[in-house]
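S.K.: The following block contains the structure, expressed as structure tokens.
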Amino acid sequence: MQSKQRLARGFTIFAALALLPALVFVPAKSDDATSAVESRLLDGVKYLASDELEGRGVGTAGLNLAADYIRRQFADAGLNVHAVDGGAFQSFSMTIGSELSQPNSLALTAPDGQLTELKSGDDFRPLSTGGSGKFSGELAFVGYGIEADDKGYNDFADIDIKGKVVIIMRRTPQQNNPHGKFAGGPHGGISRHAALRTKAANAYGAGAVAVLFVNDPHSGRSDLDSAKKRVAQAEKKLVNAAVRFDQTPEDDVDAHKSARSKLSAAVNVLRERRSDVERGIPDNLIKFGYEGNKEQHAIPLLHISREVCDRILKTEGTSLNELETKIDEDFKPQSRILKGWQVAGEVSIKRIEADVKNVIGVLDGVGPLANETVVIGAHYDHVGRGGEGSLAPGSMEIHNGADDNASGTIALIELARRFVAREKKPSRRLVFIAFTGEELGLLGSAHYVKEPVFPLDTTVAMLNMDMVGRLKDDKLTIFGTGTAPRWEKLVDDLGKEYGFQVTKKPGGFGPSDHSSFYGKKIPVLHFFTGTHRDYHRPGDDWDKINSQGMRRVVEVIEQIVLDVADSPERLQYVAVKSAESMRRGGSRPYFGSIPDFSEKSDGYALMGVSPNSPAEKAGLKAGDIIQKINNTKIGNLSDFDLALRKLKGGDTIKVVVKRGNDEKTFDVTLDKPR
């Protein structure tokens, strides 16, 4: 889980408890009734986590089946499912992928004026993470596209690439040196400076209008060496297969046929591997979609062949191999403007949109507080068959998400049943929301707070459940306990009464849907029974759910909702100090921004800023779109993250934001990493 905010002290709840005797005198349930509840909870999780629902990934039919199921359950419980334009679904669209469209072109004009139209698929290929549109400009070579002054290497230090198209090699310098400055460190791995998104962010920040990536020669040579080794292995297997074939008696027809088949297969494998070697150093263009679709860069990104690159470099009297060798030898950049070369091109990428929906059911309040709202929520989407959201690399199995978050969704439905069944109706309106798009960046809750069904200024609290199905050793973590003065003692008292070992996390921002509401200055609580080795993996199945634990979590949340819904006094919002960002900063200086992944504008959009953070102190706020840090352009969250990593705590930076139709500049003094 990501880092959370620190404690803000609460105050006594004795008076509130005196007004709410139901909190103390909880009716005992019979064993049969308890068993029935637990069976109902488990049956619900079984359905939402069944293969039929395809892991409830955005864009799957299974996600729609889940939404229909939740609506039926809300209706059967007795909620009003007609609050959203006459229905239960709050619909919106989101980008789930991309496909290559037309036209896609890339043309080079040489210093002598000769125009060459390159062939898409052979000479170049657009990358799915790049932007669409036309581009043109002078051509520059900027080595590996690395900006790492802390390592004494910066490909951008002595070159101005504003308005230019740049060629950037993949990987990092000195790859054949295990002790090189860009080696993966003691635990191996690939340097973050090798990531294409890092290189693209560097180029965009320095003013480039497009990036042409090219395979580095070292990787090609390494791939060729590996291919030669595979040929040698195939030759050995062929010899062994031939020997076994010769030794098989011809009168043993079945054995002879099997040996011949294995020999034939070995021959075919050897032919294929020799063919790989005969083609020479591999230079495969990146397949469209390989880099994923989660975050798009503002400028077009393309991959060109080494042959095209060397054709350009030849006019400079050099080659890609020679430039790589020089960089490796003296660890100095070889960046240069490629004099006389002009580039013009166009990239057409169609973003694939999916219609998704939050599911909303309402229980109206009764009395003078009926126009105030308590939101109770849980997200019902998961990661489908894996991919970018999975922690099982390469797996295409269904990720059923029983704990994450079928458990929270079924707990939400159970709470709806309980409140409808109560003889005394709540004083405040209860709004039950099953959010979608949480796994892709809290998109459903972000959409709701932008287009609320009930006014946010009369929304008094939001309670969220995400992964409440694997209670172990009675340990329950509750986030947001510092976001209202009344929370802390209420949580302590109920934790003891219901036998939980409660871990309190005071901060209101975190990696689930409560963050969207806290960003709107609404007190929140978020309930969580702990992570596990099946998190975002195919093994998160229903048979590992602790239904008894789920029931107990539901019971304690029920009592908290009763307190919030019926208390004469409205909860007081607290801006929790010493807050931390939703993302781990690592060595990055602390800024205090909360990203808004639902905003599609160019730049880094803010859902909010952490209380008492550098961003808040400087005057930034929710809705701002950061477009520049000092002289570095910011096109998305990756650009922002990279720009901060080049700075240190104590630095004062100029941050340019778009606020509505205006452009504003703020001086932000960064804090030390957290």
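FYI, it's all coordinate maths here, none of it is from the lab. The structure presented is a predicted model; accordingly, all values stated were derived computationally and were not measured. With ideal geometry, Cβ positions are generated from the backbone for all residues, glycine too; neighbour counts draw on all protein chains shown.
S.K.: From the list [x] 44, 34, 24; [y] 52, 34, 22; [z] 51, 29, 23, can you say which value of semi-axes √(5λ) of the Cα gyration tensor in Å was derived from the structure given?
M.R.: Recomputing semi-axes √(5λ) of the Cα gyration tensor in Å here gives the entry labelled [y].
S.K.: What's the extension gain from GLU52 to GLU663 if we count 0.36 nm per residue and subtract their Cα-Cα distance?
M.R.: Computed gain between GLU52 and GLU663 is 215.1 nm.
S.K.: Using only alpha carbon pairs under 8 Å that are at least six residues apart, calculate the relative contact order of the chain and give it in whole percent.
M.R.: After rounding, I find 19 percent.
S.K.: What number, rounded to the nearest 500 deg cm²/dmol, is the helix-based mean residue ellipticity at 222 nm of the chain, given -39500 (n - 2.57) per DSSP H run of at least four residues and division by all its residues?
M.R.: Taken over the chain, the calculation gives -9500 deg cm²/dmol.
S.K.: Kindly rank 338-348, 662-672, 40-50 from highest to lowest mean number of other beta carbons found within 10 Å of each residue.
M.R.: 40-50, 338-348, 662-672
S.K.: Shape of the stretch 482-618 from its Cα gyration tensor (a ≥ b ≥ c, root eigenvalues): rounded if a/c is under 1.5, otherwise prolate when a/b > b/c, or oblate?
M.R.: oblate
S.K.: Answer with one residue from LEU270, VAL243, VAL253: the one whose Cα lies farthest towards the positive end of the charge dipole of the stretch 220-278, charges on Cβ with Lys, Arg +1 and Asp, Glu -1.
M.R.: Sorting the options by dipole projection puts first LEU270.
S.K.: So which helices of the chain fit the span-like rule, where a helix is a whole DSSP H run, its Cα atoms reach 27 Å or more along the axis, and its mean Kyte-Doolittle is at least 0.0?
M.R.: 547-566
S.K.: Oh, and also: State the Cα centre-to-centre distance between the stretch 411-488 and the stretch 587-601 in whole Å.
M.R.: If you average the Cα positions of each part, the centres end up 24 Å apart.
S.K.: So what are the ³J(HN,Hα) numbers for the stretch 520-534, from phi and the Karplus equation (6.51, -1.76, 1.60; θ = phi - 60°), rounded to whole Hz, Gly and Pro as x?
M.R.: With coefficients 6.51, -1.76 and 1.60, one gets 9, 6, 10, x, 9, 9, 10, 10, 7, 9, x, 7, 6, 5, 8 Hz.
S.K.: Order the peptides 645-658, 423-436 from the highest to the lowest mean number of other Cβ atoms within 10 Å of their residues.
M.R.: Top of the packing list down: 423-436, 645-658.
S.K.: What percent does the relative contact order of the stretch 220-278 come to when contacts are Cα pairs within less than 8 Å and at least six residues apart?
M.R.: Result for the stretch 220-278 is 48 percent.
S.K.: Packing-wise, with mean Cβ within 10 Å as the measure, how do 516-523, 453-460 rank, highest first?
M.R.: Descending mean neighbour count gives 516-523, 453-460.
S.K.: Quick check: from the Cα gyration tensor, does the stretch 231-332 come out rounded (a/c under 1.5), prolate or oblate?
M.R.: The shape class here is prolate.
S.K.: Using a Cα-Cα cut-off of under 21 Å, which lysines could be cross-linked to LYS151, ignoring same-chain neighbours fewer than 8 residues away?
M.R.: The qualifying lysines are LYS181, LYS199, LYS326, LYS332, LYS646, LYS648, LYS672.
S.K.: Calculate how many DSSP beta bridges within the chain are antiparallel, expressed in % of all such bridges and rounded to the nearest 5.
M.R.: Antiparallel bridges: around 65 percent, rounded to the nearest 5.
S.K.: Is the shape of the stretch 593-669 best called rounded, prolate or oblate, per the rule: a/c under 1.5 gives rounded, else a/b larger than b/c gives prolate, else oblate, with a ≥ b ≥ c the square roots of the Cα gyration tensor eigenvalues?
M.R.: rounded
S.K.: Rounded to the nearest 0.05, what FRET efficiency do ARG279 and ARG385 give with R0 = 45 Å and r taken as the Cβ-Cβ distance? Could you check?
M.R.: 0.85
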